[in-house]
Amino acid sequence: MAPLPEDRCTITPPFHVTGLDFAGPFELKTSHLRKAPLVKGYVSVFVCFSTKALHLEPCSDLSSAAFEATFARFVGRRGLPKRVVSDNGRNFVGASRILLREFSKFIKGTSRDIADKYITHGFEWSFIPPHAPHMGGLWEAAVKSFKHHFKRVAGSHKFTYEQFATVLARIEGVLNSRPICAISEDPSDLTALTPGHFLRGAPMLALPEPLSQDMPVLNRWVKLKALHHQFSVQWKEDYLKSLQKRYKWKEPSPGVKVGDLVVVIDDLLPPNEWRLGRIEETHPGHDGQIRIVDVRTATGLITRPIVKLCHLPYLSGQSTDQQN
């Protein structure tokens, strides 16, 4: 496997280099009536190359004009990317030609001083080779992470366009709240780096709401909240499993150490909340293997088995003297 491209390893502003793809179709209702006609809807998934932050934008169809409007909404919220990478979808190819043609026409039709000012706003649109979806694994994984759990939670529920846009925004907050690694090696620091830090300088927060099982589902907006909570529980479970790969135990693996930042698996937390803690003390067994630890959290000291903890790595380049 080739090394990661330079865009994946370079520190840049969020969505400076963006990968995108479509997810769908999803069936949407044209009104709130019980037997309202159904139409197809899609989701444009934008992925930042450097931070892996996600932006989910609803789209009415797969035409170039509809995607151009979707891309304009993305640029209005996240800024104009320097480079966009996608597959060879006809809507992507058509939209790229329209946008690049309009930009060239603007530059040629303006005075020299204005052209020099806006020439830096130009962007490049790159396409992966045809029939090579593995080269777009970054956005394919993002589409899978969203679509797999969304379909399991939503089931046969039909949304209006407004409801669909609302639930997408809430799910986007969940996906961008995931902890990536420890920010520092300070034992008293219980914060983890998340994609939200790159987007707003702080973790992504959600409105305080009761648990999904305590919500009445008679109101359609309350139903969206319940779906949001169910999506969060299922997605968190799979994400934490991906942090804790388990293989055949033929050889001992590096154990946890005092001072490591961990995620405590807790199914009762709100959607955008993560229970983080620092390991304060370890309790080796008779064979010398550590299976139980004391974890210092924001609410106090708790004892947990290591199977209920997910270790977060340190930032690349940090000193590992404390770990050794």
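The values are calculated or read from the model by the stated rules, or taken from the named source; none is laboratory data. Just so we're clear, the structure is a prediction, and the values are computed from it rather than from any experiment. Backbone-built Cβ (ideal geometry, glycine too); neighbour counts: all protein chains shown. In case anyone asks, the SASA skips ligands and DNA or RNA and just uses the protein heavy atoms, side chains included. Shrake-Rupley method; radii C 1.70, N 1.55, O 1.52, S 1.80 Å.
Below is a table of values for the structure above.
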| read-out | value |
| --- | --- |
| Enumeration of residues in the range 274-293 that are surrounded by 16 or more Cβ atoms within 10 Å (Cβ to Cβ) and over 16 Å from SER184 (Cα atoms) | TRP274, ARG275, THR282, VAL293 |
| Selection status of PHE150, aromatic (Phe, Trp, Tyr), at pLDDT below 85 and either open to solvent by 60 Å² or more (accessible area, probe 1.4 Å) or over 23 Å from GLU237 (Cβ atoms) (or both) | no |
| All positions within the range 14-37 that are of a type outside the set (S, T, N, Q), over 19 Å from GLU57 (Cβ atoms) and open to solvent by less than 90 Å² (accessible area, probe 1.4 Å) | LYS29, ALA36, PRO37 |
| Which numbered condition ASP7 misses (of (1) surrounded by 16 or more Cβ atoms within 10 Å (Cβ to Cβ); (2) of a type outside the set (Ser, Thr, Tyr); (3) at pLDDT below 90; (4) within 30 Å of HIS157 (Cα to Cα)) | (4) |
| Cβ-Cβ under 7 Å pairs, at least 6 apart or on other chains, the range 268-285 side in contact (Cβ under 8 Å) with a residue 60 or more places away in the chain, far side hydrophobic (A, V, I, L, M, F, W, C) and open to solvent by 60 Å² or more (accessible area, probe 1.4 Å) | ASN272/LEU205; GLU280/VAL258; GLU280/LEU301 |
| Residue in the range 104-114 that is modelled with pLDDT of 75 or more and not in a strand (DSSP E or B) present | no |
| Filter pass, PRO187 being open to solvent by 10 Å² or more (accessible area, probe 1.4 Å), assigned to a loop (DSSP other than H, G, I, E, B), in contact (Cβ under 8 Å) with a residue 12 or more places away in the chain and more than 19 Å from SER60 (Cβ to Cβ) | yes |
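Per-residue answers, yes or no, for (1) part of a loop (DSSP other than H, G, I, E, B); (2) within 14 Å of CYS181 (Cα to Cα); (3) of a type outside the set (D, E, K, R); (4) modelled with pLDDT of 75 or more:
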| site | (1), (2), (3), (4) |
| --- | --- |
| ARG246 | yes, no, no, no |
| VAL262 | no, yes, yes, yes |
| ASP266 | yes, no, no, yes |
| THR282 | no, no, yes, yes |
| ILE292 | no, no, yes, yes |
| ASN324 | yes, no, yes, no |
